[in-house]
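Step one of this worksheet: look at the structure below.
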Amino acid sequence: MNKKILILIVFLTSCRSSIFLAAEDSGPKNTIEDRVGGPLWIQRGDMPFIITVPHGGPLTVNGVEIRKKGTIITDIRTLELVELLNDLFIKIFSRKPYIVASRISRKYIDFNRSRECALEDPQLNTLYDEYHASIERAGDEIRRNFSCGLLIDIHGQSAERSAIFLGTNDTVTIEQLTKRRGNEVWKGDQSLAALFEKYGYTTFPSSDDLTSKEDERYNGGYTVQRHGINNPHGIDAIQLEIGLKYRYTVEEREKFGQDLAQVLMHYYELYFLPKL
Ligand SMILES: [Zn+2]
């Protein structure tokens, strides 16, 4: 068989799926545009990863009151961590992930909640829509250009300062990835947890924890539920809850940022490149 045709067939069987094809055929043809300044940081990528950061923003909003209900605590330094991560991806790998990040404080809007819980001032409705529409546009582009991809929703937690919680609603939001490449993507020595463990990090669930459920506090919130692959226009999606120890000081962030870049790029090479 012609080698090019063979490679194409392998690529189609390794990466495409009926869900992706259905979404691609019927989906909107929106494109995503870079936005550097302002309340949202939006970056058009050149690889099939979307990194979202809903809770790291420091900005106040004039004329809008602080929310009276729900959590208003910042996931401290997660925005700075992703800025560093993005720089490292560009510098080390010459690749740019898609990014949708909030610079607005969670005191005013929580992008990782349904609209009813996310905001109390209707002035912020447009911003809320833009954040989630940007994720959808990025997903649309990835389906068109790469066929398969991954959303990584970055959060910070301080309950277990030296741990990283992985959240997928017990693999519901990565259903396509597990169907495409098997359970090894989530358990065992080629899983995302195992890649973190190789760099000395503790994850929940761990790579060899084959039976337990994800921690209910951190098993995947609104973003991965809304944009995960279990939705008509979704993409495989994982929530990462990163312990405070790895993001608070510049030195901690730089060390963790380097390791996180390596882990994510290794995961990309394992499961998001065409099999040749
Ligand atoms: Zn968070």
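List, in the order given, every pair from 179/245; 107/198; 91/187; 187/255; 96/179 whose Cα-Cα distance in the structure shown is over 28 Å.
Working: 179/245 34 Å; 107/198 36 Å; 91/187 30 Å; 187/255 25 Å; 96/179 26 Å.
Over 28 Å apart, Cα to Cα: 179/245; 107/198; 91/187.
Using +1 at the Cβ of each Lys and Arg and -1 at the Cβ of each Asp and Glu in the stretch 118-192, identify which of 133, 163, 119 lies farthest towards the dipole's positive end.
Of 133, 163, 119, it is 163.
Could you order the peptides 72-79, 228-235 from most to least packed, using the average number of other C-beta atoms within 10 Å per residue?
Descending packing order for the listed peptides: 228-235, 72-79.
Cut-off 10 angstrom, C-alpha nodes, Gaussian network model of the chain. Which of 223, 171, 71 fluctuates the most?
71
Quick one: Debye curve from the alpha-carbon atoms of the stretch 75-181 only, equal weights, vacuum; give me log10 I(q)/I(0) at q = 0.22 Å⁻¹ to two decimals.
-1.46
If you average the alpha carbon positions of the stretch 34-57 and of the stretch 146-181, how far apart do those two centres end up, in angstrom?
If we compute the Cα centre of each part, the gap is 18 Å.
What residues of the stretch 158-188 lie in the reach of a label at residue 202, counting those whose backbone N is under 11 Å from a point 7 Å from the Cα along Cα→Cβ?
160-164
Express as a percent, rounded to the nearest 5, the fraction of DSSP beta bridges in the chain (both residues included) that run antiparallel.
30
With a 10 Å cut-off between alpha carbons and a GNM built on the chain, which of 183, 62, 145 moves the most?
Most flexible of the set in this elastic network: 62.
Rounded to the nearest 500 deg cm²/dmol, what is the calculated helix-only ellipticity per residue at 222 nm for the chain, with -39500 (n - 2.57) per DSSP H run of length n ≥ 4?
After summing the helix terms and dividing by residue count, I get -11000 deg cm²/dmol.
If you roll a 1.4 angstrom probe over the protein chains with everything in place, what fraction of the accessible area of the stretch 31-271 belongs to carbon and sulfur, to the nearest %?
Working: 4780 of 9980 Å².
Carbon-and-sulfur percentage of accessible area, whole number: 48.
What helices does the chain have that are whole DSSP H segments, at least 27 Å long along their own axis by Cα, and with mean Kyte-Doolittle hydropathy of -1.0 or more?
Helix filter hits for the chain: 250-271.
Ratio of alpha-carbon Rg to the 2.2 N^0.38 Å globular estimate for the stretch 122-276, to two decimals, please.
After normalising by residue count via 2.2 N^0.38 Å, the value is 1.05.
In whole Å, what are the extents of the chain along the principal axes defined by its C-alpha atoms, from largest to smallest?
66, 42, 37
For residue 115 and residue 189, FRET efficiency with R0 = 45 Å and r from the beta-carbon atoms, rounded to 0.05?
In this case the efficiency is close to 0.65.
The values are calculated or read from the model by the stated rules, or taken from the named source; none is laboratory data. Model, not experiment: these values are computed from the prediction. So basically every Cβ, Gly included, is an ideal-geometry build from the backbone, and we count neighbours across all protein chains shown. Only protein heavy atoms, including side chains, enter the accessible area calculation; ligands, DNA and RNA are left aside. Shrake-Rupley method; radii C 1.70, N 1.55, O 1.52, S 1.80 Å.
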